[in-house]
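Working notes, structure below.
The values are calculated or read from the model by the stated rules, or taken from the named source; none is laboratory data. Computed from a predicted structure; not experimentally measured. Methodologically, a virtual Cβ is constructed for each residue, glycine included, from the backbone with ideal geometry; neighbour enumeration extends over all protein chains shown.
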Amino acid sequence: MRKKLTAFIALIVVVFLVLPLAGQAEIRENSFSLSPVVGGFTFDGAQDLKTRPVYGIRGGYNFTQNWGLEAIFDYVNTQTRGSWSGHDVDVYRYGLDALYHFFPEDKLVPFIAVGAGAMTLSGPSSYGNIDGTDPSVNFGAGLRYFLSDDWALRADVRDVVRFDDTWHNLEYTAGISYFFGGEKAKPVVEEAAPVQEEVKAPVQEEVVVVKNSDCDNVPDDLDKCPDTPCGCIVDKDGCPIDSDNDGVCDGLDKCPDTLAGCKVDKDGCPIDSDKDGVCDGLDKCPGTPEGCKVDKDGCPIDSDKDGVIDCLDKCPKTPLGAKVDKDGCPIWISIRMNVQFDFDRAIVKPQYYDDIENLADFMKAHPHLNAILEGHTDNIGTAKYNLCLSQRRADAVMKILVDKFNIAKDRLTAVGYGLTKPIADNKAKEGRQKNRRVQAVLEAMEVKK
């Protein structure tokens, strides 16, 4: 093993010595590399395997010019020796190495490597040393010689330790590396020596002093606006230019495209006191509450036309014409009719005619409303009898609404519920009286007059 290693190292040293070292290349930060390699693999003597060629591929990434990682894969086809001589064995080595490069900006770059992985041997199953996968580590060194910015020759030597019986294997390879990605070094450009020019004696000329009091580069004797503030752009007469006519000259105007009519601050920027997006001067509703949507004139939008603007309207879809409260919600009005009956009677007492008339007037004021007249009884008697009695009571109230108060019959519905919906305790006389009733409840949205 030592003779082969010595011969390989000697060959590599001779090759790299005869290569020119002039010129410049480098390991580039954040670059990738791809390296096919070929060489020899000498197994530990205890493994009874012959030295054979090794073929491999390396894929690397350089975090910095000095440090990098490299994924490895090798293949060796060898044979057993000794008592089991002549059997083919396939060897696969794979893992990840960490590399440290010395002198990464030179053309010849030495490096050291250490890594971990595994070795898989596939051979006769009856020969225990050569069948299976075991973890491995490796360490060694190598050289790269750059032929150009992207191409380099390489040579490596590794001690590969397989953790079965801690066998030491020697791998020695040569190959070529292709680098891509990363930032290439910028070429060094030598600066030309300064040219010495003949220094001529200055010609004494007459100095004319031009007075410019307001620093606008227009002489005072030609300046028609002698008090122009410093920084203003001026015309040929020395007068300030104000392109947007907002009273702040160009050059000092930080908002040079202000709309005509807008009030501006000292920097020429529009003032928007209520922060509605429409500048003061053009805003027809200058006190708009903050956050309200406005139209092009700066006035709050009232989508449902109820007099309460959208941003304050808690009922934004109020029907047109409805009266609303301060929150923009419709105001509702209602009426309740409650007609009571004597025991086992369906005759409406005259004392309840006013309640019935009030219901009729409400329906006339709101012609879109219909009414349901609900008839009820106490719990004396059978359920079937009371159901019929409650229906007669509801029909009696409906007849008065139609005949006496001229409510269209198709706007009324009479329904008997019998004893099923008491509103008071039927054990007491007063409670039974309250339960013998016809009731109706109507509700309507109040409209503007």
The listed residue being in contact with a Leu (Cβ under 7 Å, 6 or more places away or on another chain), touching a residue at least 12 places away in the same chain (Cβ under 8 Å) and of a type outside the set (Val, Ile, Thr), out of Asn406, Asn386: Asn386
Enumeration of residues in the stretch 112-126 that are part of a strand (DSSP E or B) and either in contact (Cβ under 8 Å) with a residue 40 or more places away in the chain or surrounded by fewer than 16 Cβ atoms within 10 Å (Cβ to Cβ) (or both): Ile112, Ala113, Val114, Gly115, Ala116, Gly117, Ala118, Met119, Thr120, Ser122
Extreme residue, farthest from Ala155 (Cα to Cα), among residues of the stretch 54-99 that are hydroxyl-bearing (Ser, Thr, Tyr) and loosely packed, with under 14 Cβ neighbours inside 10 Å: Ser83
The lone exception for Ile233 - which of (1) aliphatic (A, V, I, L, M); (2) exposed (fewer than 14 other Cβ atoms within 10 Å of the Cβ); (3) within 26 Å of Asn217 (Cβ to Cβ) it fails: (2)
Neighbours by Cβ (under 7 Å, 6+ apart or cross-chain): first from the stretch 67-84, touching a residue at least 40 places away in the same chain (Cβ under 8 Å); second polar (S, T, N, Q) and part of a strand (DSSP E or B): Gly68/Asn62
Test result for Asp165, in the same structural domain as Gly59 (by TED's automatic domain parsing), within 23 Å of Phe41 (Cβ to Cβ), loosely packed, with under 15 Cβ neighbours inside 10 Å and at pLDDT below 75: yes
Filter result for Gly321 (small (Gly, Ala, Ser) and in contact with a Cys (Cβ under 6 Å, 6 or more places away or on another chain)): no
Which listed residue, of Val54, Val137, Val109, Val89, is assigned to a strand (DSSP E or B), touching a helix residue (DSSP H, G or I) at 6+ places or on another chain (Cβ under 8 Å) and touching a residue at least 12 places away in the same chain (Cβ under 8 Å): Val89
Number of the exception - Gly381 against (1) within 60 Å of the chain's Cα centre (by Cα); (2) on the phi > 0 side of the Ramachandran plot: (1)
Residues located in the stretch 384-413, provided they are among the polar types (S, T, N, Q) and either part of a helix (DSSP H, G or I) or at pLDDT below 95 (or both): Asn386, Ser390, Gln391
Scan of the stretch 31-63 for residues that are hydroxyl-bearing (Ser, Thr, Tyr) and more than 18 Å from Gly115 (Cα to Cα), ordered by number: Ser31, Thr42, Thr51, Tyr55
Residues of the stretch 310-329 satisfying the condition of being without any contact (Cβ under 8 Å) to a residue 60 or more places away in the chain and part of a loop (DSSP other than H, G, I, E, B): Asp313, Lys314, Cys315, Pro316, Lys317, Thr318, Leu320, Asp325, Lys326, Asp327, Gly328, Cys329
